[in-house]
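Below you'll find the structure, written out as C-alpha coordinates, and then a few comments.
The values are calculated or read from the model by the stated rules, or taken from the named source; none is laboratory data. Quick caveat, the model's predicted, so the values are computed rather than measured. Note: ideal-geometry Cβ built from the backbone for every residue, glycine included; neighbour counts use all protein chains shown.
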Amino acid sequence: MAPPPARSPASGPRRRALLFPLLLLPLLLLLLHLASSPSPRPLPAPRKPSQACDYSAGEWVRDASAGPAIRYDHTCKEIFKGWNCIANAKANGRDLLRWRWRPTGAGCDLPRLDPRRFLERHRDTNIGFVGDSLNRNMFVSLVCMLRGVTGEVCKWRPAGADRGFTFLRYNLTVAYHRTNLLVRYGRWSASPNGGPLESLGYKQGYRVDVDIPDQTWVESCSFHDVLIFNTGHWWWAPSKLDPIQSPMLFFEKGKPVLPPLLPSAGLDLALQHMITFVNKAMGPNALKFFRTQSPRHFEGGDWNEGGSCQRKQPLSSEEVEEFFSLDNNGTNVEARLVNKHLMKALEQSTFRVLDITRMSEFRADAHPSTTGGKKHDDCMHWCLPGLTDTWNDLLAVNLEAVES
Ligand SMILES: *[C@@H]1O[C@H](CO)[C@@H](O)[C@H](O)[C@H]1NC(C)=O
Ligand SMILES: *[C@@H]1O[C@H](CO)[C@@H](O)[C@H](O)[C@H]1NC(C)=O
(Lines give C-alpha, C1' and ligand atoms only; values in the text may rest on other atoms or scores of the structure.)
(Ligands and ions follow the chains in the order given, each with its own letter.)
Protein backbone atom coordinates (compact mmCIF):
# COMPACT_ATOMS: atom_id res chain seq x y z
CA MET A 1 0.00 0.00 0.00
CA ALA A 2 1.40 3.40 -0.93
CA PRO A 3 1.56 6.27 1.55
CA PRO A 4 -1.07 8.97 1.25
CA PRO A 5 0.07 11.35 -1.45
CA ALA A 6 0.87 14.97 -0.75
CA ARG A 7 -0.12 17.86 -2.92
CA SER A 8 1.94 18.34 -6.07
CA PRO A 9 4.85 20.74 -5.67
CA ALA A 10 4.08 24.31 -6.65
CA SER A 11 6.93 24.66 -9.13
CA GLY A 12 4.79 26.27 -11.83
CA PRO A 13 4.66 29.85 -10.57
CA ARG A 14 8.40 29.99 -9.80
CA ARG A 15 9.34 28.89 -13.29
CA ARG A 16 6.95 31.38 -14.74
CA ALA A 17 8.55 34.21 -12.72
CA LEU A 18 12.00 33.37 -14.13
CA LEU A 19 10.78 33.40 -17.69
CA PHE A 20 8.89 36.62 -17.20
CA PRO A 21 11.38 39.17 -18.62
CA LEU A 22 12.02 37.08 -21.70
CA LEU A 23 8.51 36.82 -22.86
CA LEU A 24 6.95 38.80 -25.63
CA LEU A 25 3.54 40.27 -25.01
CA PRO A 26 1.39 37.78 -26.98
CA LEU A 27 3.15 34.88 -25.36
CA LEU A 28 2.60 36.43 -21.94
CA LEU A 29 -1.07 36.76 -22.55
CA LEU A 30 -1.28 33.18 -23.72
CA LEU A 31 0.60 31.98 -20.66
CA LEU A 32 -1.65 33.91 -18.29
CA HIS A 33 -4.63 32.40 -19.98
CA LEU A 34 -3.25 28.88 -19.68
CA ALA A 35 -2.12 29.34 -16.09
CA SER A 36 -5.56 30.44 -15.05
CA SER A 37 -7.36 27.30 -16.14
CA PRO A 38 -6.13 24.58 -13.76
CA SER A 39 -5.97 26.82 -10.67
CA PRO A 40 -9.07 27.64 -8.58
CA ARG A 41 -11.56 29.66 -10.53
CA PRO A 42 -15.07 30.79 -9.74
CA LEU A 43 -17.53 27.95 -10.12
CA PRO A 44 -20.58 28.35 -12.29
CA ALA A 45 -23.79 29.09 -10.45
CA PRO A 46 -25.18 25.99 -8.73
CA ARG A 47 -27.64 24.07 -10.78
CA LYS A 48 -31.23 23.59 -9.88
CA PRO A 49 -31.40 21.19 -6.94
CA SER A 50 -32.23 17.69 -8.04
CA GLN A 51 -34.73 16.91 -5.27
CA ALA A 52 -37.50 18.17 -7.51
CA CYS A 53 -36.49 15.88 -10.32
CA ASP A 54 -37.03 12.18 -10.74
CA TYR A 55 -34.17 11.21 -12.98
CA SER A 56 -35.12 7.56 -13.03
CA ALA A 57 -38.06 7.99 -15.43
CA GLY A 58 -37.28 9.12 -18.93
CA GLU A 59 -36.21 8.08 -22.38
CA TRP A 60 -33.07 7.80 -24.46
CA VAL A 61 -32.87 10.29 -27.29
CA ARG A 62 -30.37 10.42 -30.05
CA ASP A 63 -28.07 13.37 -29.72
CA ALA A 64 -28.60 15.45 -32.84
CA SER A 65 -25.46 17.52 -32.31
CA ALA A 66 -22.59 17.28 -34.78
CA GLY A 67 -20.94 14.22 -33.30
CA PRO A 68 -20.69 12.32 -30.06
CA ALA A 69 -18.76 14.45 -27.61
CA ILE A 70 -16.18 12.00 -26.35
CA ARG A 71 -15.65 12.24 -22.62
CA TYR A 72 -12.70 9.87 -22.75
CA ASP A 73 -11.79 7.20 -25.23
CA HIS A 74 -10.43 3.70 -25.54
CA THR A 75 -6.96 4.88 -24.55
CA CYS A 76 -7.93 5.31 -20.89
CA LYS A 77 -5.67 2.68 -19.36
CA GLU A 78 -7.99 1.80 -16.54
CA ILE A 79 -10.65 0.28 -18.83
CA PHE A 80 -10.77 -3.46 -18.31
CA LYS A 81 -9.94 -5.11 -21.64
CA GLY A 82 -13.27 -6.86 -22.07
CA TRP A 83 -15.19 -3.59 -21.61
CA ASN A 84 -13.21 -1.59 -24.15
CA CYS A 85 -15.74 -1.84 -26.96
CA ILE A 86 -14.08 0.77 -29.17
CA ALA A 87 -10.67 -0.91 -29.00
CA ASN A 88 -12.36 -4.29 -29.49
CA ALA A 89 -14.10 -2.96 -32.61
CA LYS A 90 -17.65 -3.55 -31.43
CA ALA A 91 -19.76 -2.40 -34.38
CA ASN A 92 -21.72 0.17 -32.34
CA GLY A 93 -18.91 0.99 -29.88
CA ARG A 94 -18.84 4.67 -30.81
CA ASP A 95 -22.52 4.92 -31.59
CA LEU A 96 -23.31 4.25 -27.92
CA LEU A 97 -22.12 7.73 -27.09
CA ARG A 98 -24.78 9.38 -29.21
CA TRP A 99 -27.57 8.53 -26.79
CA ARG A 100 -28.63 10.94 -24.05
CA TRP A 101 -30.95 10.22 -21.16
CA ARG A 102 -33.83 12.68 -21.09
CA PRO A 103 -35.78 12.59 -17.80
CA THR A 104 -39.54 12.84 -18.17
CA GLY A 105 -40.15 15.58 -15.60
CA ALA A 106 -40.69 19.07 -17.03
CA GLY A 107 -37.51 21.14 -16.78
CA CYS A 108 -35.51 18.17 -15.56
CA ASP A 109 -32.31 17.77 -17.46
CA LEU A 110 -29.59 15.35 -16.45
CA PRO A 111 -26.45 17.37 -17.14
CA ARG A 112 -23.24 15.67 -18.10
CA LEU A 113 -20.69 15.41 -15.35
CA ASP A 114 -18.25 18.28 -15.82
CA PRO A 115 -14.95 16.71 -14.78
CA ARG A 116 -13.20 19.95 -13.87
CA ARG A 117 -16.12 21.14 -11.83
CA PHE A 118 -16.33 17.74 -10.14
CA LEU A 119 -12.65 17.90 -9.20
CA GLU A 120 -12.99 21.45 -7.85
CA ARG A 121 -16.07 20.69 -5.82
CA HIS A 122 -14.63 17.55 -4.31
CA ARG A 123 -11.21 18.77 -3.28
CA ASP A 124 -9.84 16.95 -0.24
CA THR A 125 -12.51 14.29 -0.57
CA ASN A 126 -12.44 10.50 -0.69
CA ILE A 127 -15.05 8.69 -2.75
CA GLY A 128 -15.37 4.92 -2.60
CA PHE A 129 -17.26 2.39 -4.70
CA VAL A 130 -18.06 -0.77 -2.73
CA GLY A 131 -19.50 -3.73 -4.57
CA ASP A 132 -19.21 -6.18 -7.42
CA SER A 133 -17.72 -5.77 -10.90
CA LEU A 134 -20.64 -3.56 -11.96
CA ASN A 135 -19.52 -1.01 -9.39
CA ARG A 136 -16.01 -1.36 -10.75
CA ASN A 137 -17.48 -0.59 -14.17
CA MET A 138 -18.90 2.65 -12.73
CA PHE A 139 -15.67 3.45 -10.89
CA VAL A 140 -13.61 3.11 -14.07
CA SER A 141 -15.96 5.45 -15.89
CA LEU A 142 -15.48 8.15 -13.24
CA VAL A 143 -11.71 7.69 -13.16
CA CYS A 144 -11.47 7.95 -16.96
CA MET A 145 -13.61 11.10 -17.05
CA LEU A 146 -11.48 12.78 -14.40
CA ARG A 147 -8.18 11.63 -15.90
CA GLY A 148 -9.26 13.27 -19.12
CA VAL A 149 -8.66 16.69 -17.52
CA THR A 150 -5.78 15.98 -15.15
CA GLY A 151 -3.07 13.40 -15.67
CA GLU A 152 -1.39 13.89 -12.31
CA VAL A 153 -2.53 10.86 -10.39
CA CYS A 154 -1.15 8.51 -7.83
CA LYS A 155 -2.38 4.95 -8.12
CA TRP A 156 -2.63 3.17 -4.80
CA ARG A 157 -4.90 0.99 -2.67
CA PRO A 158 -6.42 3.01 0.15
CA ALA A 159 -8.18 1.31 3.06
CA GLY A 160 -8.17 -2.19 1.61
CA ALA A 161 -9.29 -1.08 -1.85
CA ASP A 162 -8.79 -3.23 -4.93
CA ARG A 163 -7.58 -0.10 -6.74
CA GLY A 164 -7.71 3.65 -6.30
CA PHE A 165 -6.43 6.95 -7.63
CA THR A 166 -5.64 10.24 -5.99
CA PHE A 167 -5.93 13.25 -8.29
CA LEU A 168 -2.98 15.10 -6.87
CA ARG A 169 -3.85 18.68 -7.74
CA TYR A 170 -7.17 18.28 -6.01
CA ASN A 171 -6.36 15.75 -3.29
CA LEU A 172 -9.43 13.83 -4.44
CA THR A 173 -9.26 10.06 -4.05
CA VAL A 174 -11.55 7.66 -5.89
CA ALA A 175 -11.28 3.97 -4.98
CA TYR A 176 -12.95 0.65 -5.68
CA HIS A 177 -13.50 -1.93 -2.95
CA ARG A 178 -14.30 -5.31 -4.37
CA THR A 179 -16.96 -7.38 -2.61
CA ASN A 180 -19.53 -9.70 -4.14
CA LEU A 181 -22.04 -10.09 -1.33
CA LEU A 182 -20.95 -7.17 0.91
CA VAL A 183 -20.71 -9.74 3.68
CA ARG A 184 -17.95 -12.26 4.24
CA TYR A 185 -18.23 -15.67 2.65
CA GLY A 186 -16.08 -18.71 2.00
CA ARG A 187 -16.24 -22.39 1.25
CA TRP A 188 -17.93 -24.65 3.76
CA SER A 189 -17.84 -28.43 3.98
CA ALA A 190 -19.43 -30.83 6.38
CA SER A 191 -17.49 -31.62 9.52
CA PRO A 192 -16.91 -35.30 10.33
CA ASN A 193 -18.09 -34.45 13.85
CA GLY A 194 -21.49 -33.51 12.54
CA GLY A 195 -23.56 -30.44 13.33
CA PRO A 196 -26.94 -28.91 12.60
CA LEU A 197 -26.28 -28.43 8.87
CA GLU A 198 -24.67 -31.84 8.55
CA SER A 199 -27.67 -33.48 10.14
CA LEU A 200 -29.86 -31.79 7.51
CA GLY A 201 -27.77 -33.51 4.86
CA TYR A 202 -25.55 -30.61 3.70
CA LYS A 203 -22.16 -31.77 2.45
CA GLN A 204 -20.67 -28.61 1.00
CA GLY A 205 -21.51 -25.05 0.11
CA TYR A 206 -20.63 -21.49 0.97
CA ARG A 207 -20.72 -20.13 4.47
CA VAL A 208 -22.14 -16.59 4.33
CA ASP A 209 -21.83 -14.56 7.54
CA VAL A 210 -24.69 -12.09 7.23
CA ASP A 211 -23.44 -9.88 10.08
CA ILE A 212 -19.74 -9.62 9.12
CA PRO A 213 -18.70 -7.06 6.48
CA ASP A 214 -16.21 -8.27 3.91
CA GLN A 215 -12.71 -7.18 4.96
CA THR A 216 -12.15 -5.49 1.59
CA TRP A 217 -14.34 -2.56 2.63
CA VAL A 218 -14.59 -2.67 6.39
CA GLU A 219 -12.04 0.17 6.67
CA SER A 220 -13.57 2.14 3.83
CA CYS A 221 -16.24 3.60 6.12
CA SER A 222 -13.74 5.58 8.17
CA PHE A 223 -11.66 6.55 5.14
CA HIS A 224 -14.21 7.78 2.64
CA ASP A 225 -16.50 10.80 2.74
CA VAL A 226 -18.79 9.36 0.09
CA LEU A 227 -19.57 5.67 -0.46
CA ILE A 228 -21.55 4.09 -3.27
CA PHE A 229 -22.63 0.52 -2.51
CA ASN A 230 -24.11 -2.22 -4.62
CA THR A 231 -24.80 -5.92 -4.44
CA GLY A 232 -27.15 -8.20 -6.35
CA HIS A 233 -25.79 -10.39 -9.12
CA TRP A 234 -23.98 -12.76 -6.80
CA TRP A 235 -27.11 -13.56 -4.82
CA TRP A 236 -28.58 -14.93 -8.05
CA ALA A 237 -25.39 -16.47 -9.47
CA PRO A 238 -25.96 -20.15 -10.07
CA SER A 239 -22.50 -20.60 -11.56
CA LYS A 240 -20.63 -20.15 -8.28
CA LEU A 241 -23.27 -20.33 -5.62
CA ASP A 242 -25.31 -23.13 -7.09
CA PRO A 243 -28.39 -23.79 -4.95
CA ILE A 244 -27.85 -27.58 -5.09
CA GLN A 245 -24.11 -28.20 -5.60
CA SER A 246 -22.87 -25.31 -3.48
CA PRO A 247 -25.73 -23.66 -1.61
CA MET A 248 -25.34 -20.50 0.43
CA LEU A 249 -25.46 -21.43 4.10
CA PHE A 250 -26.20 -18.41 6.22
CA PHE A 251 -24.56 -17.78 9.57
CA GLU A 252 -25.40 -15.15 12.14
CA LYS A 253 -23.37 -14.55 15.30
CA GLY A 254 -21.19 -17.43 14.14
CA LYS A 255 -24.02 -19.99 14.14
CA PRO A 256 -25.99 -21.42 11.24
CA VAL A 257 -29.38 -19.78 10.67
CA LEU A 258 -32.01 -22.49 11.07
CA PRO A 259 -34.01 -23.54 9.26
CA PRO A 260 -31.69 -22.66 6.33
CA LEU A 261 -32.74 -19.64 4.29
CA LEU A 262 -33.09 -19.13 0.56
CA PRO A 263 -30.63 -16.60 -0.91
CA SER A 264 -33.39 -13.98 -1.19
CA ALA A 265 -34.02 -14.14 2.56
CA GLY A 266 -30.28 -14.21 3.23
CA LEU A 267 -29.94 -11.01 1.21
CA ASP A 268 -32.55 -9.31 3.41
CA LEU A 269 -30.64 -10.26 6.54
CA ALA A 270 -27.29 -9.21 5.11
CA LEU A 271 -28.65 -5.83 3.97
CA GLN A 272 -30.17 -5.20 7.38
CA HIS A 273 -26.88 -5.91 9.15
CA MET A 274 -24.71 -4.00 6.69
CA ILE A 275 -26.90 -0.90 6.77
CA THR A 276 -26.64 -0.90 10.56
CA PHE A 277 -22.89 -1.42 10.35
CA VAL A 278 -22.34 1.44 7.90
CA ASN A 279 -24.49 3.82 9.93
CA LYS A 280 -22.30 3.21 12.96
CA ALA A 281 -18.99 3.16 11.12
CA MET A 282 -19.37 6.32 9.03
CA GLY A 283 -19.27 9.85 10.39
CA PRO A 284 -22.45 11.92 10.55
CA ASN A 285 -21.39 14.04 7.57
CA ALA A 286 -20.59 11.10 5.34
CA LEU A 287 -22.77 10.43 2.33
CA LYS A 288 -24.03 6.93 1.67
CA PHE A 289 -25.51 5.91 -1.63
CA PHE A 290 -26.93 2.57 -2.62
CA ARG A 291 -26.99 1.94 -6.34
CA THR A 292 -29.92 -0.11 -7.61
CA GLN A 293 -29.49 -3.28 -9.64
CA SER A 294 -27.87 -3.20 -13.05
CA PRO A 295 -29.96 -5.21 -15.54
CA ARG A 296 -28.59 -7.89 -17.86
CA HIS A 297 -29.86 -8.40 -21.42
CA PHE A 298 -29.48 -12.05 -22.35
CA GLU A 299 -31.71 -13.22 -25.17
CA GLY A 300 -32.14 -16.79 -26.34
CA GLY A 301 -30.92 -18.25 -23.07
CA ASP A 302 -28.90 -17.27 -20.03
CA TRP A 303 -25.15 -16.54 -20.16
CA ASN A 304 -24.24 -20.23 -19.96
CA GLU A 305 -26.95 -21.32 -22.41
CA GLY A 306 -25.72 -19.45 -25.45
CA GLY A 307 -27.66 -16.27 -24.69
CA SER A 308 -26.59 -13.13 -26.54
CA CYS A 309 -27.26 -9.40 -26.85
CA GLN A 310 -26.86 -8.22 -30.41
CA ARG A 311 -29.13 -5.22 -30.55
CA LYS A 312 -27.84 -1.99 -32.02
CA GLN A 313 -30.48 0.31 -30.51
CA PRO A 314 -32.00 0.82 -27.08
CA LEU A 315 -35.15 -1.19 -26.40
CA SER A 316 -38.63 0.31 -26.65
CA SER A 317 -40.74 0.61 -23.49
CA GLU A 318 -42.75 -2.42 -24.59
CA GLU A 319 -39.61 -4.48 -25.04
CA VAL A 320 -38.36 -3.37 -21.64
CA GLU A 321 -41.50 -4.75 -20.03
CA GLU A 322 -41.15 -7.98 -21.94
CA PHE A 323 -37.59 -8.38 -20.70
CA PHE A 324 -37.99 -7.35 -17.11
CA SER A 325 -41.55 -7.55 -15.81
CA LEU A 326 -41.84 -9.91 -12.88
CA ASP A 327 -44.94 -11.46 -14.47
CA ASN A 328 -42.97 -12.59 -17.49
CA ASN A 329 -40.29 -14.25 -15.33
CA GLY A 330 -37.77 -13.93 -18.17
CA THR A 331 -34.04 -14.67 -18.22
CA ASN A 332 -33.13 -11.30 -16.75
CA VAL A 333 -35.93 -11.08 -14.21
CA GLU A 334 -33.53 -10.74 -11.26
CA ALA A 335 -32.98 -7.02 -11.87
CA ARG A 336 -36.34 -5.99 -10.48
CA LEU A 337 -36.34 -8.79 -7.90
CA VAL A 338 -33.11 -7.52 -6.39
CA ASN A 339 -34.52 -4.01 -6.32
CA LYS A 340 -37.55 -5.13 -4.33
CA HIS A 341 -35.19 -6.40 -1.64
CA LEU A 342 -33.03 -3.29 -1.77
CA MET A 343 -35.95 -0.89 -1.53
CA LYS A 344 -37.40 -2.73 1.42
CA ALA A 345 -34.09 -2.63 3.28
CA LEU A 346 -33.35 1.00 2.42
CA GLU A 347 -36.79 2.37 3.18
CA GLN A 348 -36.08 3.30 6.79
CA SER A 349 -32.40 4.06 6.28
CA THR A 350 -30.40 7.24 5.73
CA PHE A 351 -28.91 5.89 2.50
CA ARG A 352 -29.67 7.76 -0.68
CA VAL A 353 -30.79 5.64 -3.59
CA LEU A 354 -29.03 5.96 -6.92
CA ASP A 355 -31.71 4.53 -9.15
CA ILE A 356 -30.06 3.49 -12.39
CA THR A 357 -32.21 0.47 -13.18
CA ARG A 358 -34.88 1.97 -15.40
CA MET A 359 -32.50 3.95 -17.61
CA SER A 360 -30.27 0.90 -17.94
CA GLU A 361 -33.08 -1.51 -18.79
CA PHE A 362 -33.38 0.15 -22.19
CA ARG A 363 -29.73 -0.31 -23.08
CA ALA A 364 -29.56 -3.81 -24.55
CA ASP A 365 -27.18 -2.27 -27.10
CA ALA A 366 -24.58 -1.17 -24.59
CA HIS A 367 -22.97 -4.42 -23.41
CA PRO A 368 -19.67 -5.80 -24.75
CA SER A 369 -21.61 -8.76 -26.22
CA THR A 370 -19.35 -10.96 -28.38
CA THR A 371 -16.44 -8.51 -28.07
CA GLY A 372 -16.10 -9.12 -24.34
CA GLY A 373 -13.32 -11.64 -24.88
CA LYS A 374 -15.04 -14.43 -23.01
CA LYS A 375 -16.28 -17.82 -24.17
CA HIS A 376 -19.82 -16.59 -23.70
CA ASP A 377 -21.30 -13.22 -24.63
CA ASP A 378 -21.04 -10.50 -22.00
CA CYS A 379 -24.52 -9.06 -21.66
CA MET A 380 -23.99 -8.02 -18.06
CA HIS A 381 -21.12 -5.51 -17.93
CA TRP A 382 -21.18 -2.29 -19.93
CA CYS A 383 -18.98 -0.91 -22.67
CA LEU A 384 -16.72 1.96 -21.66
CA PRO A 385 -17.14 4.73 -22.54
CA GLY A 386 -20.85 4.08 -22.26
CA LEU A 387 -23.80 3.73 -19.97
CA THR A 388 -22.03 3.95 -16.62
CA ASP A 389 -20.90 7.45 -17.60
CA THR A 390 -24.57 8.38 -17.27
CA TRP A 391 -24.71 6.68 -13.86
CA ASN A 392 -21.93 9.02 -12.82
CA ASP A 393 -23.86 12.01 -14.22
CA LEU A 394 -26.59 10.94 -11.82
CA LEU A 395 -24.12 10.62 -8.95
CA ALA A 396 -22.73 14.10 -9.65
CA VAL A 397 -26.15 15.72 -9.73
CA ASN A 398 -27.07 13.99 -6.47
CA LEU A 399 -23.85 15.14 -4.81
CA GLU A 400 -24.54 18.70 -5.90
CA ALA A 401 -28.04 18.57 -4.52
CA VAL A 402 -26.80 17.36 -1.14
CA GLU A 403 -23.90 19.72 -0.82
CA SER A 404 -25.37 22.97 -2.10
C1 LIG B 1 -6.26 15.59 1.63
O2 LIG B 1 -7.59 15.33 2.01
C3 LIG B 1 -7.73 14.65 3.25
C4 LIG B 1 -9.19 14.43 3.48
O5 LIG B 1 -9.68 13.56 2.54
C6 LIG B 1 -7.14 15.48 4.37
O7 LIG B 1 -7.21 14.76 5.57
C8 LIG B 1 -5.69 15.80 4.05
O9 LIG B 1 -5.19 16.68 5.02
C10 LIG B 1 -5.58 16.46 2.70
N11 LIG B 1 -4.19 16.64 2.35
C12 LIG B 1 -3.68 17.82 2.02
C13 LIG B 1 -2.22 17.82 1.71
O14 LIG B 1 -4.37 18.84 1.96
C1 LIG C 1 -39.33 -18.55 -13.25
O2 LIG C 1 -38.63 -19.32 -14.20
C3 LIG C 1 -37.70 -20.24 -13.66
C4 LIG C 1 -37.01 -20.97 -14.79
O5 LIG C 1 -36.63 -20.12 -15.78
C6 LIG C 1 -38.41 -21.22 -12.74
O7 LIG C 1 -37.47 -22.09 -12.14
C8 LIG C 1 -39.17 -20.47 -11.67
O9 LIG C 1 -39.92 -21.36 -10.90
C10 LIG C 1 -40.10 -19.44 -12.29
N11 LIG C 1 -40.68 -18.62 -11.23
C12 LIG C 1 -41.96 -18.28 -11.22
C13 LIG C 1 -42.40 -17.44 -10.06
O14 LIG C 1 -42.75 -18.62 -12.06
Across the stretch 320-374, the tally of residues that are more than 16 Å from ligand 2 (Cβ to nearest atom), buried (at least 21 other Cβ atoms within 10 Å of the Cβ) and small (Gly, Ala, Ser) stands at 5
How many residues of the stretch 223-251 are surrounded by fewer than 18 Cβ atoms within 10 Å (Cβ to Cβ) and within 30 Å of residue 158 (Cβ to Cβ)? The answer is 3
message = I'd like to check something: does the stretch 102-114 contain any residue that is at pLDDT 95 or above, away from ligand 2 (no atom under 16 Å from the Cβ) and part of a helix (DSSP H, G or I)?
response = no
For the stretch 246-279 the number of residues that are closer than 24 Å to residue 355 by Cα and out of contact with any Leu (no Cβ under 8 Å at 6 or more places or on another chain) is 9
Residue 253: passes all of (1) within 22 Å of residue 303 (Cβ to Cβ); (2) more than 23 Å from the chain's Cα centre (by Cα); (3) in contact (Cβ under 8 Å) with a residue 40 or more places away in the chain but (1)
Subset of the stretch 362-397, residues of a type in the set (A, V, I, L, M) and assigned to a loop (DSSP other than H, G, I, E, B), comes to 364, 366, 380, 384
Counting only residues in the stretch 120-138 that are within 16 Å of ligand 1 (Cβ to nearest atom) and more than 17 Å from residue 218 (Cα to Cα), the one surrounded by the most Cβ atoms within 10 Å (Cβ to Cβ) is identified as 122
Residue 151: passes all of (1) at pLDDT below 95; (2) closer than 19 Å to residue 395 by Cβ but (2)
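Yes/no per residue for (1) part of a strand (DSSP E or B); (2) of a type in the set (Asp, Glu); (3) in contact with a helix residue (DSSP H, G or I) (Cβ under 8 Å, 6 or more places away or on another chain):
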| residue | (1), (2), (3) |
| --- | --- |
| 174 | yes, no, yes |
| 180 | no, no, yes |
| 192 | no, no, no |
| 198 | no, yes, no |
| 208 | yes, no, yes |
| 211 | yes, yes, yes |
Residue set 274, 282; condition crowded, with 19+ Cβ neighbours inside 10 Å, within 16 Å of ligand 1 (Cβ to nearest atom) and under 25 Å from residue 226 (Cα atoms); output residue 282
Within the stretch 155-174, restricting to residues that are hydrophobic (A, V, I, L, M, F, W, C) and over 23 Å from residue 73 (Cβ atoms), the one that is surrounded by the fewest Cβ atoms within 10 Å (Cβ to Cβ) is 156
Residue set 141, 65; condition crowded, with 17+ Cβ neighbours inside 10 Å and polar (S, T, N, Q); output residue 141
Flag for residue 139 being without any contact (Cβ under 8 Å) to a residue 40 or more places away in the chain, touching a helix residue (DSSP H, G or I) at 6+ places or on another chain (Cβ under 9 Å) and farther than 14 Å from residue 225 by Cα = yes
